[in-house]
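What follows is one structure encoded as structure tokens, with my remarks underneath.
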Amino acid sequence: MTQPTPFSLGIVGAGQFSGQFTKLFQAHPYVSSVYVTDVLPERAEALAEQQGLSGTFPSFEAMLESDVDAIGIFTQRWTHGPLVVQALRAGKHVYSAVPMAISVEEIGAIIEAVRETGLTYMMGETSYYNPATVYARQRRAEGAFGRIFYAEGDYVHDMDLGFYAAYEYSGGPEWKRTASYPPMLYPTHSVGGVIGAIGGHAVSVSCIGVRDDRGDGVFDREVSMFHNDFSNATALFELAGGGSMRINEFRRVGYPSHLRESRFRYFGTDGSFEQLVETAVWQDKEGFSDVSEQLKTLPTMSHDDPSLANVDPALRDAFVSGLAPVHDAARLPEELRRLPSGHEGSHHFLVDDFAAAVATRSLPPVNAWEAARYTLPGIVAHESALRGGERLPVPDFGDAPGELSAREIAPSSSASAGEARG
């Protein structure tokens, strides 16, 4: 085990989401200091003052020119790819919010930069640590599924449940141009929970997009900066080695996404697992067992907490949920366990895995190659939908190269980082 080296971190973007992570990064024993920058300087200054951060930078470029060791990118979802490459080329380790990027070329540029610089990159995908994904990953490791030949991942979040307010907060007067973001260009909350549990990757896809009919200027091709009018999309993927994966990305749906946004199903030759809003069931040829309690998370702070003042009430459930019994809380530093988590208990693990990877120069679970396998399928699926469902090949960048894979792997939710820390 490499002796951990504490590092400094600069956060890019001081919006609704980043403030929940700055407090966790600042508490982590491997992070020595946390700075922030935003295109709206008053937001960065307010966050730094509220949480007692180490300071602010006037711009992203100024942060890159500083001696900050790592960068956390929490900007608009279509901006991540170029910013990640710029940070890596400036010699910074990078934590990026999802998605990884919005084109095959941008993803390729990130992987090339990681390979050439040897720096740490991690995509902050919550579904890898989703209790259902953790449970399925454990059952797969036990061999309980047999051969998994089919899986489903749904990200079902209606625009009416907080997204209008979120886009208006981040997008300004022309927010409807960006609120039309294509659902399949944000596939990681669904794909990540499937591939993050069963491994492998997609090799081809056929996708059907549903054109929106609300008529309110959102998902209007004439308004959209993405020329997108799909509000819902369903994709069927062929998986490497045989089998298939069905992914739903819904933004107009009668469903209580504040209770559960992502949900999963996995079918194997010996066993299967299915999840609904508040029910999860393990099944095999002998019968079934309700495992809902193992996956249940409870609130860790009030919905009225001051840190959530800028978050629409319909979105606050995602920011307050704690750990589930299936999570390995013992692997986390005590400093994090004392603080609220979010997104079904994933926030603590996201922060800890990135911090451990940078501090010990190890490979994080959702590294650049893994992140590509969560993101690329959706990019190609959107193209398929634009072509009326034409089946298209999904490229793959392979596994992390041997020299990177040979590093000591940062523990995931099925291994104890607490043990790795000694």
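Using the average count of surrounding beta-carbon atoms within 10 Å as a protection proxy, the listed peptides 250-259, 263-272 rank, highest first, as 263-272, 250-259. When peptides 50-62, 187-199 are sorted by average Cβ neighbour count within 10 Å, with the highest value leading, the order is 187-199, 50-62.
Here's the picture: charge each Lys and Arg Cβ at +1 and each Asp and Glu Cβ at -1 in region 1-100, and of Ser8, Ser59, His28 the one pushed furthest to the positive end of that dipole is His28. The modelled label-to-label distance between Ser66 and Ser244, using points 7 Å beyond Cα along the C-beta direction, is 5.1 nm. Magnitude of the charge dipole for region 22-156, about its Cα centre and with charges confined to Cβ atoms of Lys, Arg (+1) and Asp, Glu (-1), is about 620 debye. When the solvent-accessible area of the chain is split by element, carbon and sulfur atoms take up 50 percent of it, the probe being 1.4 Å. Working note: 222 nm ellipticity from helices only, DSSP H runs with n ≥ 4, each -39,500 (n - 2.57), summed and divided by the residues of the chain, gives -9500 deg cm²/dmol to the nearest 500.
Given R₀ = 30 Å, what would the calculated FRET efficiency be for Asp213 paired with Ser292, taking r from the Cβ atoms and rounding to 0.05? It comes to 0.25. Under 26 Å of direct C-alpha separation, and excluding same-chain neighbours fewer than eight residues apart, Lys285 reaches these lysines: Lys296.
What shape does region 61-178 have by the C-alpha gyration tensor, where a ≥ b ≥ c are the square roots of the eigenvalues, rounded means a/c under 1.5, and otherwise prolate means a/b greater than b/c and oblate the rest? Cα axes put region 61-178 in the oblate bin.
Label separation (Gln51 vs Ala309): 1.6 nm, computed from points 7 Å beyond Cα along the C-beta direction.
Protection proxy ranking, highest mean first, for peptides 128-134, 383-389, 281-287: 128-134, 383-389, 281-287, where packing is the per-residue count of other beta-carbon atoms within 10 Å, averaged.
When Glu344, Glu390 are compared by accessible area of protein heavy atoms, the largest-first order is Glu390, Glu344, using a 1.4 Å probe. Placing R0 at 56 angstrom, the Cβ-Cβ distance between Ser302 and Glu390 gives a FRET efficiency of 0.70 after rounding to 0.05.
Could you tell me which of rounded, prolate or oblate describes region 236-355, using a ≥ b ≥ c as the square roots of the eigenvalues of the alpha-carbon gyration tensor, with rounded for a/c under 1.5 and, failing that, prolate when a/b is larger than b/c and oblate otherwise? Verdict is prolate for region 236-355.
Each 10 Å bin, from zero up to the one with the longest distance, holds this percent of the alpha carbon pairs of the chain: 5, 23, 34, 28, 9, 1, 0. Extension gain for the segment Gln138 to Tyr169, taken as residue separation times 0.36 nm less the Cα-Cα distance, is 7.3 nm to one decimal. Magnitude of the charge dipole for the chain, about its Cα centre and with charges confined to Cβ atoms of Lys, Arg (+1) and Asp, Glu (-1), is about 560 debye. With the simple model of a label 7 Å out from the Cα in the direction of the Cβ, Val281 to Glu335 spans 4.5 nm.
For region 50-116 versus region 150-166, the inter-centroid distance based on Cα atoms is 26 Å. Annotation: per residue accessible area for region 112-189 equals 33 Å², rounded to a whole number [probe 1.4 Å, protein chains only]. Which percent of Cα pairs goes in each bin when the distances of region 116-238 are cut into 10 angstrom slices starting at zero? P(r) for region 116-238, in whole percents per bin: 12, 33, 30, 20, 5, 0.
Report relative contact order for region 222-267 in percent, whole number only (criteria: Cα-Cα under 8 Å, sequence separation at least 6). Taking the mean separation of contacting Cα pairs over the length of region 222-267, I get 28 percent. For region 1-140, the square roots a ≥ b ≥ c of the C-alpha gyration tensor eigenvalues yield an a/c under 1.5, which makes the shape rounded.
The values are calculated or read from the model by the stated rules, or taken from the named source; none is laboratory data. A quick note: this is a predicted structure, and the numbers were derived from the prediction, not measured. We place every Cβ from the backbone using ideal geometry, glycine too, and count neighbours over all the protein chains shown. The area values use the complete protein model at the heavy-atom level, side chains included, leaving out ligands, DNA and RNA. Shrake-Rupley method; radii C 1.70, N 1.55, O 1.52, S 1.80 Å.
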